[in-house]
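Right, one structure below, let's go through it.
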Amino acid sequence: MSKGLSSQNSESVSICLCGQAGQGIQTVEHLLTRIFKLAGFNVLATKEYMSRIRGGMNSTSIRISSGPVRAAAGTIDILVPLNKGALQHVERNISSRTIILADKEMIGEDIDQTKRKFVDVPFTGTAAEIGDKIYSNVVAVGTMAGLFGVELSMAGKYVEKFFSKKSKDIVQKNLAALKKGFEFAAELIKSSKTNFKITADSGVEDQVLLNGAEAVALGAIAGGCNFIASYPMSPSTGVLAFLAKHAKTFDIIAEQAEDEIAAINMGLGAWYAGARAMVTTSGGGFALMTEGVSLAGILESPMVIHLAQRPGPATGLPTRTEQGDLELVIYAGHGEFPRIIFAPGTIEDAFSLTQRAFNLADKYQVPVFILTDQYFIDSYYNTAAPDLSKLKIEKHITRTKKDYQRYELTKNGVSPRGIPGFGNGLVAVDSDEHDTEGHITEDLDLRIRMVDKRLKKGDLLKKDNVPPELTGPKNYKNLIVCWGSTQNITEEALRMLGRDDAALLHFKQVYPLPEETSEYLQKADKTIIVENNATSQFAKLIRLQTGIEIDKKILKYNGLSFFVEELAEKLKKALS
Amino acid sequence: MDAKIFDMNDIDIAWCPGCGNFPILKTLKKVLAEMQIKPTDIVLVSGIGQAAKIPHYIKANLFNGLHGRALPAATAIKAANPALTVIAESGDGDMYGEGGNHFIHTIRRNPNITNIVHNNMVYGLTKGQASPTSRKGFVTPVQVSGVFLEPFNPLAVAIALDASFVARAFAGDTEQTAEILKKAIEHKGYALVDIFQPCVTFNRLNTVKWFKEQTYYLEGHDPSDRQKAFEKATETEKLPLGVFYKSPQKPSFEENVGIYEEKKGPLYERDLDKKKLINLFDTFKMQL
């Protein structure tokens with residue numbers, strides 16, 4: 001990694017916390033991000049973790065900045081290793097500039113072996129003096145908050161709120177730990193070992209701090225979701241847990257199914273009876289759902305499927321990230337039928353596209369996918385809360401008459417959708433090829449009409465799509481293409497390069513491919529694609545649909561997301 | 001109510017002449033009429049197979065889904081609109097083979113639905129292979145030396161899982177079958193009715209005569225006695241018919257999901273409370 005290419009300046013700092021699962025990194029991350037936001041800083045947090053409950057090595061990266069910050073950085077300005085082995089774990093991201101705040105008691109001889117700049121801060125000893133080693137995390141929080149000039153009283157208030165369910169004694173000890181941390185920070189600043197200046201941004205206060213899973217789940221609620229059945233699978237489970245947590249408030253049935261097959265069949269049953277259902281899963285679980293996707297195709301049932309990708313094949317790297325399931329989702333399910341695939345690149349889009357997915361699924365009676373990944377699901381930053389005043393839940397169900405026919409042949413292929421018990425008609429849906437009433441048929445002429453009817457809806461989808469988003473100069477010579485979670489990273493990387501001849505085209509709807517795609521690509525002298533997979537699946541789709549071959553491919557598939565500096569470096573090379 | 005209300009006009013029934021499915025179809029229509037349940041309030045859910053075609057021959061709402069997957073769909077339909085009478089009906093291969101996992105977990109989930117299984121101990125539609133309930137020694141084009149797997153015992157499994165209602169009937173006896181079906185549909189909670197049904201084409205072993213000789217009705221049996229019910233379910237010499245087991249009253253899945261306590265209406269009548277969503281967003285501002 002080139003030292004010349006750093007995304008960081010005094011206005012933006014990258015902090016890394018590294019330790020074992022179960023050691024309280026989550027607590028440190030939670031407290032720090034909230035306290036920084038309260039202080040008016042823009043915050044971004046990303047994490048990587050091993051597939052185990054305790055132990056293993058996990059790290060959380062927090063970026064704080066005076067301006068908006070939305071992408072993972074590779075370099076570390078401040079590192080807090082919380083145990084032995086932590087330094088090694090993040091070695092590749094440590095630079096000569098990295099300041100290591102370490103407690104010799106926590107990380108042992110690691111600290112002597114490193115040739116890096118480090119400051120010995122006795123987190124553990126201090127915590128023990130207060131009453132228990134457990135408080136060392138809050139000492140670290142205090143130290144970090146203090147380094148950036150956060151007010152102790154405000155940080156204290158948040159710590160009090162966070163521990164409000166604990167005993168008075170525990171709250172007091174945490175506050176004492178926090179104060180100690182602030183004192184260490186003051187010493188560090190005084191001895192000029194650190195000097196960071198982040199300016200508060202007044203816009204931050206009213207913004208929301210959301211991760212990808214929360215944004216998808218909130219989008220589902222805003223889409224009128226009232227039924228979710230799923231089987232737990234990293235990294236998709238957060239959406240199920242979120243909806244389960246708020247089920248009573250929003251009249252949602254949230255059920256953990258016995259397997260993914262049950263989950264999607266429950267979802268389809270729920271839509272049939274008038275609910276608005278979704279499932280959330282990852283690649284392996286989705287593989288089990290594919291017959292259900294096909295069922296949605298022939299039933300002409302709405303369905304919303306959130307798929308948080310992780311590296312495969314099979315179990316792959318369960319807690320890591322990849323964009324490897326695009327082709328799986330495009331082609332999932334036997335037979336021919338239309339579908340929509342969204343791939344949000346921002347928290348705002350995860351919300352609005354999931355919300356939209358419910359309306360479109362209902363309107364066109366097709367499966368709609370939200371394709372995210374572990375990096376996206378577990379990353380969060382502050383952003384403006386969506387304007388809900390115009391929010392509309394479009395219900396496309398009809399009160400049936402006595403002669404109702406579920407699969408009435410209409411001009412555009414969409415038949416009015418009745419549900420059982422609403423009206424005087426009967427609603428028959430069938431996985432077999434069926435007649436207009438929904439009963440089994442082997443009338444081969446009717447078969448053709450039914451296939452054409454279903455495919456006609458695909459033509460409607462092509463017209464009702466979310467266009468790609470162009471960032472940068474309109475008269476570009478070089479066009480960088482990406483989709484889904486790589487948006488913010490690619491955008492910042494490109495900004496770092498400061499090229500006035502290169503623009504970014506991000507696809508948040510990847511299927512059906514928006515019609516303007518060709519036009520955008522043809523305008524460029526050179527096209528470059530950025531994908532978090534090994535075979536450049538989106539470039540293949542573009543070639544298939546437009547005949548255009550992308551010139552250069554920047555691919556990453558080691559299980560981690562791109563990092564801004566790393567991608568900037570690769571883009572620079574590809575652009576030259 | 002006249003059972004004719006459930007008759008379909010001009011249909012081409014896909015079953016073989018003399019199939020045990022016919023009396024089940026007739027009995028079910030009769031029971032639904034006697035119970036005065038309107039066709040618009042009934043949803044018949046099925047999977048794939050000859051038995052699974054039954055919803056197409058009854059005038060009611062129907063969801064004919066995937067092989068083995070009737071139960072998850074039926075559970076969700078009932079949960080989304082508890083006012084509907086939901087019957088999940090398929091064959092032994094569908095419910096106990098392909099859908100075995102759902103069979104187990106639907107019993108645990110206890111939705112207020114009726115699960116009717118046409119049990120003919122053979123795969124008919126795929127032309128005569130063994131089913132999960134085929135007897136040992138049954139020779140088929142695939143099990144060429146005869147079945148050597150233990151037959152699946154749906155009743156014993158259901159009782160072991162403390163299913164809320166477990167019964168067995170014989171398609172050849174429409175009167176008793178009607179009584180059992182009525183009890184099952186009336187029952188609040190998951191109700192299993194396994195119906196012995198002869199396959200006249202592919203099962204020359206378990207014929208009408210065989211079922212008549214091999215079965216007897218439970219008499220003086222207390223369905224609340226789980227031990228006795230299990231004992232009866234595991235009898236192999238002669239196979240008992242009737243209501244084997246009724247668990248102590250327990251809440252149904254719909255009652256447990258927690259959204260029908262204050263409001264009773266189905267999900268499609270409900271709307272998002274936007275104010276609550278705004279309030280939820282506010283909590284993510286992480287303010288003090």
Check your understanding: Can you find a residue in the range B:267-282 that is free of Cβ contacts under 8 Å to residues at least 12 places away in the same chain, within 12 Å of chain A (Cβ to nearest Cβ) and among the aromatic types (Phe, Trp, Tyr)?
Key -> yes
Practice item. Only residues that are within 14 Å of the chain's Cα centre (by Cα) and either hydrophobic (A, V, I, L, M, F, W, C) or part of a strand (DSSP E or B) (or both): list them for the range B:43-62, please. Key: B:Val43, B:Leu44, B:Val45, B:Ser46, B:Ile48, B:Ala51, B:Ala52, B:Ile54
Check your understanding: Any residue at all in the range A:259-280 that is free of Cβ contacts under 8 Å to residues at least 12 places away in the same chain and at the interface with chain B (Cβ under 10 Å from one of its Cβ atoms)?
Key -> yes
Check your understanding: Of all the residues that make up the range A:378-406, how many are within 11 Å of another protein chain (Cβ to nearest Cβ) and not in a strand (DSSP E or B)?
Key -> 14
Review point. Quick check, is A:Ala343 touching a Gly at 6+ places or on another chain (Cβ under 7 Å), among the small types (Gly, Ala, Ser) and outside the structural domain of A:Ala21 (by TED's automatic domain parsing)?
Key: yes
Exercise for review: Specify which of the listed residues (B:Gly100, B:Gly65) is out of contact with any Phe, Trp or Tyr (no Cβ under 6 Å at 6 or more places or on another chain), surrounded by 24 or more Cβ atoms within 10 Å (Cβ to Cβ) and of a type in the set (Gly, Ala, Ser).
Suggested key: B:Gly65
Point to revise | Residue match in the range B:115-135 (condition: touching a helix residue (DSSP H, G or I) at 6+ places or on another chain (Cβ under 6 Å), within 29 Å of A:Ala254 (Cβ to Cβ) and hydroxyl-bearing (Ser, Thr, Tyr)) | key: no
Point to revise | Residues of the range B:154-199 satisfying the condition of being part of a helix (DSSP H, G or I), of a type in the set (D, E, K, R) and under 20 Å from B:Phe211 (Cβ atoms) | key: B:Glu175, B:Glu179
Review point. Is it fair to say A:Ala361 is crowded, with 24+ Cβ neighbours inside 10 Å and either closer than 19 Å to A:Asn465 by Cβ or aliphatic (A, V, I, L, M) (or both)?
Key: yes
Check your understanding: Does any residue of the range A:239-249 turn out to be among the aliphatic types (A, V, I, L, M) and in contact with a Leu (Cβ under 6 Å, 6 or more places away or on another chain)?
Key -> no
Check your understanding: In the range B:83-96, which residues are outside any strand (DSSP E or B) and either within 12 Å of another protein chain (Cβ to nearest Cβ) or touching a His at 6+ places or on another chain (Cβ under 9 Å) (or both)?
Key -> B:Ala83, B:Leu84, B:Asp92, B:Gly93, B:Asp94, B:Met95
Check your understanding: Residues in the range B:260-268: is at least one modelled with pLDDT of 95 or more, surrounded by fewer than 16 Cβ atoms within 10 Å (Cβ to Cβ) and under 30 Å from B:Pro154 (Cα atoms)?
Key -> no
Exercise for review: Check off (1) under 17 Å from A:Phe227 (Cβ atoms); (2) surrounded by fewer than 24 Cβ atoms within 10 Å (Cβ to Cβ) for A:Asp349 and give me the number that stays unchecked.
Suggested key: (1)
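Determine whether A:Ala428 is within 14 Å of chain B (Cβ to nearest Cβ) and either under 30 Å from B:Ala83 (Cβ atoms) or among the basic types (Lys, Arg) (or both).
Details: within 14 Å of chain B (Cβ to nearest Cβ): yes; either under 30 Å from B:Ala83 (Cβ atoms) or among the basic types (Lys, Arg) (or both): yes.
Yes; evaluated as a whole, the condition is true for this residue.
Can you list the helices (runs of 4 or more DSSP H) lying wholly within the range A:174-278 that have 1 or more residues being surrounded by 24 or more Cβ atoms within 10 Å (Cβ to Cβ)? Lay out the reasoning, then the answer.
On the way: elements: A:212-222, A:237-245, A:247-250, A:260-272.
Passing ranges, in order: A:212-222, A:237-245, A:260-272.
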**Study point:** Given (1) under 18 Å from A:Gln309 (Cα atoms); (2) free of Cβ contacts under 8 Å to residues at least 12 places away in the same chain, index of the condition A:Phe562 fails
**Key:** (2)
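Scanning for something at the interface with chain B (Cβ under 8 Å from one of its Cβ atoms), buried (at least 17 other Cβ atoms within 10 Å of the Cβ), part of a loop (DSSP other than H, G, I, E, B) and not aliphatic (A, V, I, L, M), does the range A:407-416 turn up at least one residue? Walk me through how you get there before you give the answer.
First, the residues of the range A:407-416 that are at the interface with chain B (Cβ under 8 Å from one of its Cβ atoms): none.
For the range A:407-416, residues at the interface with chain B (Cβ under 8 Å from one of its Cβ atoms), buried (at least 17 other Cβ atoms within 10 Å of the Cβ), part of a loop (DSSP other than H, G, I, E, B) and not aliphatic (A, V, I, L, M): absent.
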**Study point:** Failed item, numbered, when A:Pro302 is tested on (1) under 23 Å from B:Pro111 (Cβ atoms); (2) free of Cβ contacts under 8 Å to residues at least 60 places away in the same chain
**Key:** (2)
Review point. Which condition number does B:Thr75 fail, the rest of (1) facing chain A (nearest Cβ under 8 Å); (2) of a type in the set (Ser, Thr, Tyr); (3) not in a helix (DSSP H, G or I) being met?
Key: (3)
Study note, to complete from the structure: Exactly one of A:Thr527, A:Thr535 is farther than 27 Å from A:Gly316 by Cβ, of a type in the set (Val, Ile, Thr) and either buried (at least 20 other Cβ atoms within 10 Å of the Cβ) or under 23 Å from the mean Cα position of the chain (by Cα) (or both), and that residue is A:Thr527
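For the range A:361-377, indicate whether the set of residues that are part of a strand (DSSP E or B), closer than 30 Å to A:Asp201 by Cα and not aromatic (Phe, Trp, Tyr) is non-empty. Please lay out each step first, then the result.
Residues of the range A:361-377 part of a strand (DSSP E or B): A:367-373.
Of the ones still in play, those that are also closer than 30 Å to A:Asp201 by Cα are A:372-373.
Those left that are additionally not aromatic (Phe, Trp, Tyr): A:372-373.
Scanning the range A:361-377, I find at least one residue that is part of a strand (DSSP E or B), closer than 30 Å to A:Asp201 by Cα and not aromatic (Phe, Trp, Tyr), so the answer is yes.
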Revision key, fill the gap. Within the range B:239-263, the residues that are in contact (Cβ under 8 Å) with a residue 24 or more places away in the chain, more than 7 Å from every other protein chain (Cβ to nearest Cβ) and farther than 30 Å from B:Ile195 by Cα are B:Tyr260
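Can you spot a residue in the range A:494-503 that is within 20 Å of A:Glu327 (Cβ to Cβ), not basic (Lys, Arg) and not assigned by TED's automatic domain parsing to the domain that holds A:Gly74? Steps first, answer last, please.
At the first step, the residues of the range A:494-503 found to be within 20 Å of A:Glu327 (Cβ to Cβ) are none.
Scanning the range A:494-503 turns up no residue that is within 20 Å of A:Glu327 (Cβ to Cβ), not basic (Lys, Arg) and not assigned by TED's automatic domain parsing to the domain that holds A:Gly74.
Could you tell me which of the residues A:Asp132, A:Asp77, A:Asp103, A:Asp120 is touching a Gly at 6+ places or on another chain (Cβ under 9 Å) and at negative phi?
Working: A:Asp132 fails: touching a Gly at 6+ places or on another chain (Cβ under 9 Å); A:Asp77 fails: touching a Gly at 6+ places or on another chain (Cβ under 9 Å); A:Asp120 fails: touching a Gly at 6+ places or on another chain (Cβ under 9 Å).
It is A:Asp103.
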Review point. Filtering the range B:27-54 down to residues that are buried (at least 24 other Cβ atoms within 10 Å of the Cβ) and among the hydroxyl-bearing types (Ser, Thr, Tyr), which residue is nearest to B:Asp173 (Cα to Cα)?
Key: B:Thr27
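The values are calculated or read from the model by the stated rules, or taken from the named source; none is laboratory data. As the structure is a computational prediction, the values presented were derived from the model and not from experiment. We place every Cβ from the backbone using ideal geometry, glycine too, and count neighbours over all the protein chains shown.
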